[in-house]
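Student: This is the structure I have questions about; it appears just below.
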Amino acid sequence: MRDVSPLHKARLTYSPKLAGVLQKGIKNVKVSFGEKTSAVKDEQDIQNLFKDVYGAPIAIFSDKGDELEQKRTNVGVILSGGQAPGGHNVIAGLYDALKQSDINNKLYGFLGGPSGIIDGKYVEFNDEFIDAYRNTGGFDIIGSGRTKLETEEQFEKTLENCKKLDINAIVIIGGDDSNTNACMLAQWLKAKNTGIQVIGCPKTIDGDLKNEQIEISFGFDTATKTYSELIGNIMRDANSAKKYWHFVKLMGRSATHVGLEVALQTQPNIALISEEVEAKKQSLKSIVDYITEIVVKRAQNGKNFGVALIPEGLIEFVPEMKTMISNLNDILAVLEKEESFVNAANEEKYTIIESKLNPENASVFNSLPSLIKAQLLMDRDPHGNVQVSKIETEKLLIEMVKSNLKKLKAEGKYDGKFSEQAHFFGYEGRCAMPSNFDSDYCYSLGYNAFALILAGLTGYLSSVKNLTAPASEWKAGGVPLTMMMNMEKRHGKMKPVIQKALVELDGPVFKEFEAHRNQYAYDDCYVFPGAIQYFGPSEVCDATTITLQLEQKAAVKC
């Protein structure tokens, strides 16, 4: 074995807790089904695109129903998209269930993400291989990638490589886009009558892949606890030095679940919620004025320090910025195919863009500092959109607040000191050693995925629910991927995608934050969560996020 830390060594021997009925072993699980399902939106379009897998019922595993057929089954597994703590345990759970069913079953890991199944690059897992990665962070067991499975050629190569290895099913571990591709592959393989099944597992630290059947995506628990530890440390430093304002940008592009959870865990002076900004149509100026007001009032109380949390995707939720960026995405989709534009200097590009943007959007673009304009023109993401993680929003807000304070000081309305520190926490949480919750949850998701395979299903997402209860009470099953889909514009065209779950402003999680944020702003209610604990009392080691606890409590009341 390679050299490992004492904690790493101890974690390798941790035995994850399985969900409910799965604890009885894969040969004792039975399946039953609910009513047929429909897409969350754009039902007819989704049905037309996924006619062979659309409308399937929710699957429920229990000790009642039909027995699972314990047939010889070889499975290929893919890690897709950004890393999330617990991915290794999904594979471990899948492997253990597969071997319990039939010791001769084989599990193949495709290397480097979806490209591995296209190019035929793989490894075959055995006990020694799997045992070296149990309960560890990262995706280094086989690597990940962002290649999209969506073209006829890719599907043909996937089928060819599966036939070579006698693979009966594929498990894709990924987020909303990866599982959209999983559904597309499932549809293609079903339409071709190949007999190869496709099952997905819900992964993303952003927390935006969830609904009634998927209570939380794996990795969210560990990532938010990791960020909360770091921010708690910063708060203690701020409260000790009493001379710095820390602006912390947190990963999570399309939703503010991460920022909201971390805010509840640590209680910062300021925490912006993108969905609220959009709902209240707050301008960039109004956001800066809000931050400035808190900075000034704290300074009047002798507190020239504080902590502000900034969501990664904030810029896209500011109405005038969102409209401008949408217009910009459409324009760049065309301009980036023109050699004269690609080879132009930045200042020339700005002029060309402003001439093509709608007048109001051109005015917004023109008002931005050159630094932000340049960041808006960086390489597109896989969907052809601005990479908001590249936009240093925290630095933009710092500069705008400093400008405000300078004016107020000249007017004699502010006599404090403003010394700033900028941070971006994202990668620090993606590969952290998974919490007990994520270790257990992920192991159950992988084990459950194999149960879905034995049930003969395809185009399903592994679902484990009732997650605030002890693992023995967790409920296992599967949800059709088409149930979560709608149509959205990507690269200028309407495409099927799994609908992202944004922060609900009338939901229990935001309401809890809203009720206390004014007190957080001025009373220094800082909480220092400390490091993730793996050993000790269950209420310390096994507790999940505040978000999930509040959501489940509200669900029970309903």
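Nothing in this text is a laboratory measurement; each read-out follows from the coordinates by a stated rule. The model shown is predicted, which means the values in this text are computed figures rather than measured ones. Neighbour counts are summed over all protein chains in view; Cβ atoms, including those assigned to glycine, are modelled from backbone coordinates with ideal geometry.
Student: Would you mind listing how long the stretch 1-154 runs along its three principal axes, going by Cα atoms, in whole Å with the largest first?
Tutor: The principal-axis extents, from largest down, are 55, 41, 29 Å.
Student: Now for a different question. For Asn358, project a label point 7 Å along Cα to C-beta. Then give me every residue of the stretch 472-492 with its amide nitrogen under 17 Å of that point.
Tutor: Backbone N within reach: 489, 492.
Student: Now for a separate question. What shape does the stretch 492-546 have by the C-alpha gyration tensor, where a ≥ b ≥ c are the square roots of the eigenvalues, rounded means a/c under 1.5, and otherwise prolate means a/b greater than b/c and oblate the rest?
Tutor: Judged from the Cα gyration tensor, the stretch 492-546 comes out oblate (a/c at least 1.5, b/c at or above a/b).
Student: Going down the list Lys225/Lys495; Lys163/Lys489; Lys373/Lys495; Lys157/Lys489; Lys9/Lys225, which pairs span over 24 Å between their C-alpha atoms? Intermediate values should be presented prior to the final figure.
Tutor: Details: Lys225/Lys495 34 Å; Lys163/Lys489 35 Å; Lys373/Lys495 28 Å; Lys157/Lys489 28 Å; Lys9/Lys225 21 Å.
Long pairs (Cα-Cα over 24 Å): Lys225/Lys495; Lys163/Lys489; Lys373/Lys495; Lys157/Lys489.
Student: If you put +1 on each Lys and Arg Cβ and -1 on each Asp and Glu Cβ, how big is the dipole of the stretch 271-330 around its Cα centre, in Debye rounded to 20? Provide the component values of the computation, followed by the final result.
Tutor: Numbers: 7 positive and 9 negative charges, 86 e Å.
For the stretch 271-330, the charge dipole is close to 420 debye.
Student: One-quarter of the Cα convex hull surface for the stretch 249-382, in nm²?
Tutor: The Cα convex hull of the stretch 249-382, projected and averaged over all directions, gives 9.5 nm².
Student: In bins 10 Å wide, starting from 0, what share of all Cα pairs of the stretch 157-259 does each bin hold, as a percent?
Tutor: Calculated over all Cα pairs of the stretch 157-259, the distribution is 13, 31, 22, 18, 10, 5, 2 percent.
Student: Further question on the same structure: Which aspartates and glutamates have a Cα less than 12 Å from the Cα of Lys356, not counting those fewer than 8 places away in the same chain?
Tutor: Partners within reach: Asp330.
Student: Cα centroid distance between the stretch 26-40 and the stretch 164-192, in Å?
Tutor: If we compute the Cα centre of each part, the gap is 19 Å.
Student: On average, how much area does the Cα convex hull of the stretch 441-555 cover when viewed from any direction, in nm²?
Tutor: The number I arrive at for the stretch 441-555 is 11.4 nm².
Student: Tell me which of Leu548, Thr194, Ala10 sits at the most positive position along the dipole axis of the chain, charges placed on C-beta atoms (Lys, Arg +1; Asp, Glu -1).
Tutor: Sorting the options by dipole projection puts first Ala10.
Student: Next question. Cross-link candidates for Lys553: which aspartates and glutamates have Cα within less than 13 Å, leaving aside residues fewer than 8 places away along the same chain?
Tutor: Partners found: Glu215, Glu512.
Student: How high is the relative contact order of the stretch 342-484, given as a whole-number percent (alpha carbon pairs under 8 Å, six or more residues apart)?
Tutor: Worked out over the stretch 342-484, it gives 10 percent.
Student: What is the mean projected area of the alpha carbon convex hull for the stretch 70-211, to one decimal in square nanometres? Mind showing how you got there, number by number?
Tutor: Numbers: hull surface 32.7 nm².
Projected area, direction-averaged: 8.2 nm².
Student: What are the extents of the Cα atoms of the stretch 1-89 along their three principal axes, listed from largest to smallest and rounded to whole Å?
Tutor: Projected onto the principal axes, the Cα atoms of the stretch 1-89 cover 55, 35, 25 Å.
Student: Here's another thing I want to ask about it. Quick one: give the max-minus-min coordinate of the C-alpha atoms of the stretch 85-136 along each principal axis, largest first, in Å.
Tutor: Sorted largest first, the three principal extents are 29, 28, 15 Å.
Student: Can I ask one more? Can you give the Rg/Rh ratio of the stretch 317-444, where Rg is from the C-alpha atoms and Rh is the Kirkwood radius?
Tutor: Radius of gyration relative to Kirkwood radius: 1.11.
Student: So how far, in whole Å, is the C-alpha centre of the stretch 439-512 from the one of the stretch 309-385?
Tutor: First find each Cα centre; the distance between them is then 33 Å.
Student: While we're on this one: Tell me the Kirkwood hydrodynamic radius of the chain in angstroms, computed as one over the mean inverse distance between distinct C-alpha pairs. Don't jump to the answer; show the numbers that get you there.
Tutor: Details: mean 1/r = 0.0403 Å⁻¹.
Computed over Cα pairs of the chain, the Kirkwood hydrodynamic radius comes out at 24.8 Å.
Student: Name the trypsin sites (Lys or Arg not before Pro) in the stretch 370-449 that are in a loop by DSSP and that have at most 16 other C-beta atoms within 10 Å, would you?
Tutor: Within the stretch 370-449, the qualifying trypsin sites (Lys or Arg not before Pro) (loop, at most 16 other Cβ atoms within 10 Å) are Arg380, Lys413, Lys417.
Student: Something else: HN-Hα J couplings of the stretch 213-227 from phi, Karplus 6.51/-1.76/1.60, θ = phi - 60°, integer Hz, Gly and Pro as x?
Tutor: Here the 3J(HN,Hα) series is 8, 10, 6, 7, 8, 6, x, 4, 4, 5, 4, 5, 5, 5, 4 Hz.
Student: Counting Lys and Arg as +1 and Asp and Glu as -1, each charge on the Cβ, what is the dipole of the chain about the Cα centre in debye, to the nearest 20?
Tutor: Working: 64 positive and 72 negative charges, 105 e Å.
Magnitude of the dipole: close to 500 debye.
Student: Once amide H atoms are built 1.01 Å from N in the peptide plane, which residues 5 or more positions from Arg490, or in another chain, come under 5 Å H to H?
Tutor: For Arg490, the qualifying residues are Lys495.
Student: Report D for the stretch 236-321 in µm² per second (integer): Stokes-Einstein, Kirkwood Rh on Cα pairs, 4 °C, 1.567 mPa s.
Tutor: Numbers: Rh = 13.4 Å.
Translational diffusion coefficient: 96 µm²/s.
Student: Using 0.36 nm per residue of separation minus the Cα-Cα distance, give me the extension gain between Ala422 and Thr194 in nm, one decimal.
Tutor: Extra length available between Ala422 and Thr194 comes to 76.8 nm.
Student: Nearest 20 debye, what's the magnitude of the dipole of the stretch 451-501 about its Cα centre given +1 on Lys and Arg Cβ and -1 on Asp and Glu Cβ? Can you show the working numbers first?
Tutor: On the way: 7 positive and 2 negative charges, 72 e Å.
Taking the Cα centre of the stretch 451-501 as origin, the dipole is about 340 debye.
Student: Still on this structure, I have one more. Could you let me know the centre-to-centre spacing of the stretch 530-552 and the stretch 386-405, using Cα atoms, in angstrom?
Tutor: Cα centroid to Cα centroid, the span is 33 Å.
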